[in-house]
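Student: My questions will all concern the structure given below.
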Amino acid sequence: MFLLQICVLICPSIHAQDVRPPIADLILDLQAKYDSVRDFSADFEHTYAGGVLRTVLVERGTVQIKKPGMMRWNYKWPEEKVFVSDGSSLYSYIPFDRQVIVGQLPPDDGASTPALFLAGRGNLSTDFTAAYDELGAAASDTWIVRLTPTSENVNYSHLILGIDRRSLSITQLSETDYQGAVSTFTFTSLKENEELPDSLFTFEIPRGTEIVTEDSFRR
């Protein structure tokens, strides 16, 4: 009888933890959290699956992001690459190629790319249709949310977010393009609101490096 009473007391609380809030409520809370994060840094693993050759690629590195629009992606494995945005221009640098591609960020506030979404562009309530992703495999401490953009001026069909249930931090961001290729960033060692300096997002073009100008932002 004592064990039965314990089960009656415990089981409802366990069940309550598993109940998902209405998606509209979660999105409001997530937007409030999103607005409160001024900057963050993390280790990341980037996987890419799909494309014409149906290949699977895995890369690792570190990222720092500061709103609005400043980013530094340092790829460390298997090849060194650097992508830096100072809020208006993006610099893409691969040391092996000795080439820097310089592009401009779009002037509007839309999340036309996943990186711009992380850097503060877009509004979860007005720019996306949100739903729980029933097919997404998630850990018990993670919500999986599918975001379908309401604008046609984007280069992806939808985003999948992995959301930590306690902190509401984004631990995973997955993009599916219109050809079905999937690009996924998984974040670990996440730190928020560290007051990252603007100087971190300044890129000095190395001497002897070819400069290529690109009209559109593609990252």
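The values are calculated or read from the model by the stated rules, or taken from the named source; none is laboratory data. For clarity, every value in this text was computed on a predicted model and none was experimentally measured. With ideal geometry, Cβ positions are generated from the backbone for all residues, glycine too; neighbour counts draw on all protein chains shown.
Student: Determine the pairs where a residue that is on the phi > 0 side of the Ramachandran plot, located within region 90-101, has a partner that is charged (D, E, K, R) with Cβ atoms under 8 Å apart, the partner being 6 or more residues away or on another chain.
Tutor: From region 90-101, the pairs are Arg98/Glu210.
Student: Can you work out which of the residues in region 150-199 that are of a type in the set (Asp, Glu) and assigned to a loop (DSSP other than H, G, I, E, B) is nearest to Pro114 (Cα to Cα)?
Tutor: So, considering only residues that are of a type in the set (Asp, Glu) and assigned to a loop (DSSP other than H, G, I, E, B), the one nearest to Pro114 (Cα to Cα) is Asp177.
Student: Taking the condition closer than 30 Å to Asp29 by Cβ and either in contact with a Lys or Arg (Cβ under 6 Å, 6 or more places away or on another chain) or modelled with pLDDT under 95 (or both), does Asp108 pass?
Tutor: For Asp108, the condition - closer than 30 Å to Asp29 by Cβ and either in contact with a Lys or Arg (Cβ under 6 Å, 6 or more places away or on another chain) or modelled with pLDDT under 95 (or both) - is met.
Student: Taking the stated definitions as given, is Leu173 surrounded by 13 or more Cβ atoms within 10 Å (Cβ to Cβ), more than 23 Å from Glu59 (Cβ to Cβ) and modelled with pLDDT of 90 or more?
Tutor: No, not satisfied.
Student: Looking at the structure I just gave you, is Lys67 of a type in the set (D, E, K, R), crowded, with 16+ Cβ neighbours inside 10 Å and within 22 Å of Thr171 (Cβ to Cβ)?
Tutor: yes
Student: Could you look through region 70-95, keep only residues that are buried (at least 20 other Cβ atoms within 10 Å of the Cβ) and among the aliphatic types (A, V, I, L, M), and pick out the one that is farthest from the chain's Cα centre (by Cα)?
Tutor: Leu90
Student: Moving to a separate point now. Would you mind stating whether Ser183 is surrounded by fewer than 16 Cβ atoms within 10 Å (Cβ to Cβ), more than 21 Å from Pro106 (Cα to Cα) and under 15 Å from the mean Cα position of the chain (by Cα)?
Tutor: no
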